[in-house]
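This report refers to the structure that appears directly beneath it.
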Amino acid sequence: MAENALVDKRVRDEAAQWYAKLNNTMVSTDALRDFRAWRKDPACDEAYLEIEAFWGRVGKLEQDQDIRRAADEALARPSKGGSLARPGGRALAGAVLVAGIGVALAFGWQAYSGTSYRTEVGEQRLVRLEDGSRVRLDTDSQVRVRLGSSERAIELVSGQAFFEVAHDAARPFVVRADGASVTALGTRFDVSRTALGVEVTLVEGKVRVDGEAAGAPASWTLTPGQQVATGPARAEPKVRTVDAAAATSWTTGRLVFRGAPLAAAIAEVNRYSPRKIVLEDPKLAATPVTGVFDSGDTDAFVTAVSDVYDLRVDAVGEREIRLKPAA
């Protein structure tokens, strides 16, 4: 996955360079042709659209000391090109200026958007941050990390992550996901982002969760062993007591179900494999499931629930396993 991070950084840097070049007073036809060819890649196109939006909000960034300092440092670096006092010096000066702005854009963009980390389906990853905090990414998940001078900001773009936060009272640790935010100083907690919203489980310490309840802003303070789920699809989120060890068992490579609805258990197992389980009878969705399984071991889960609940495997393919009542 280190290769993915390097590719993301390269694409963002190229987008910054192109933005700087295209906003210069003179752009050659060849440059425009090269830009169009570069932007045909969906990843490049997305990166360029993001950086356009970034500089569209440049007024807000004027107040961000971290970004201003990064850009100033980039522009203040001495050029390695030598003297410009020679034929073609003015054109060369313009090229160096554009390159310098591009470097500043890249630095400012990186400071603003942060560093991205992600996992593929069936993969987990432990990220050690510069402040001493640790982030464990679950399967098919992504976070963006920005450690500023006044705040440590994490965006959970997708999936699930477990956070072990190093104490730093001067820089709150804030995780944002789908309109919700979780603020902590020194603690351990889990955040999951799904189609229904955001679910936060606290293992140790204390966190404040700001989100939405019944269409209005709301806030909850969690203590160890508590969980809250928030989002527009949830009518009235309430703090509830849970088995935190079971809720975060994925961090040890295991999935623990204790009376979980069969449909929910299947959905969780499906997150770890490209081969998905399909429950054909919706009447079985609420059937309680109890057991411990290795994450990614779809066959073991299918065998267990089939034996216990008298189900049969109706069809097996490379991408799908269908379950239905045996009778």
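Could you check Gly259 against (1) in a helix (DSSP H, G or I); (2) at positive phi and say which number it fails?
Failing condition for Gly259: (1).
Please list, ordered by first then second residue, the pairs with beta carbon atoms under 6 Å, 6 or more apart or interchain, first in segment 165-190 and under 22 Å from Asp138 (Cα atoms), second of a type in the set (S, T, N, Q).
Close Cβ pairs satisfying both conditions: Val165/Ser133; Val165/Thr187; Ala166/Ser133; Val174/Ser181; Val174/Thr183; Ala180/Thr230; Asp190/Thr201; Asp190/Thr248.
State all residues of segment 222-237 that are under 24 Å from the mean Cα position of the chain (by Cα) and over 14 Å from Arg188 (Cα atoms); if no residue qualifies, say none.
Answer for segment 222-237, where residues must be under 24 Å from the mean Cα position of the chain (by Cα) and over 14 Å from Arg188 (Cα atoms): Val228, Ala229, Thr230, Gly231, Pro232, Ala233, Arg234, Pro237.
In a loop (DSSP other than H, G, I, E, B) and either under 18 Å from Val200 (Cα atoms) or among the charged types (D, E, K, R) (or both), is that true of Pro232?
yes
Among the residues that make up segment 249-259, is at least one of them surrounded by 15 or more Cβ atoms within 10 Å (Cβ to Cβ), of a type in the set (A, V, I, L, M) and under 22 Å from Val200 (Cβ atoms)?
The answer is yes; a qualifying residue exists.
Taking segment 121-143 on its own, how many of its residues are touching a Phe, Trp or Tyr at 6+ places or on another chain (Cβ under 8 Å) and part of a strand (DSSP E or B)?
8
Which of the numbered conditions does Glu268 fail, given that it passes all the others? Conditions: (1) in the same structural domain as Val313 (by TED's automatic domain parsing); (2) part of a loop (DSSP other than H, G, I, E, B); (3) among the acidic types (Asp, Glu).
Result: Glu268 passes all but (2).
Just one of the numbered conditions (1) within 23 Å of the chain's Cα centre (by Cα); (2) part of a strand (DSSP E or B); (3) closer than 16 Å to Arg176 by Cα is not true of Val203; which one?
Condition (3) is where Val203 drops out.
Which of the residues that make up segment 4-61 are at pLDDT below 75 and outside any helix (DSSP H, G or I)?
Asn23, Asn24, Thr25, Met26, Val27, Ser28, Arg57
Go through segment 184-200 and count every residue that is part of a strand (DSSP E or B) and surrounded by 18 or more Cβ atoms within 10 Å (Cβ to Cβ). Before you say what the answer is, go through the steps one by one.
Taking segment 184-200 as the starting set, the residues that turn out to be part of a strand (DSSP E or B) are 184, 188-194, 197-200.
Restricting the remaining residues to those that are surrounded by 18 or more Cβ atoms within 10 Å (Cβ to Cβ) gives 184, 188-193, 197-200.
Matching residues across segment 184-200 total 11.
Taking Pro217 as the residue in question, decide whether it is more than 20 Å from Leu126 (Cα to Cα), surrounded by 16 or more Cβ atoms within 10 Å (Cβ to Cβ) and not hydroxyl-bearing (Ser, Thr, Tyr).
no
Only one of Ala247, Ala214 is aliphatic (A, V, I, L, M) and at pLDDT below 90; which?
Answer to the check: Ala214.
Being at pLDDT 90 or above, over 23 Å from the mean Cα position of the chain (by Cα) and of a type in the set (D, E, K, R): is that true of Arg240 here?
When the stated conditions are applied, Arg240 passes them.
The values are calculated or read from the model by the stated rules, or taken from the named source; none is laboratory data. Just so we're clear, the structure is a prediction, and the values are computed from it rather than from any experiment. When we count neighbours, we look across all protein chains shown, and the Cβ atoms used for this are built from the backbone with ideal geometry, even at glycine.
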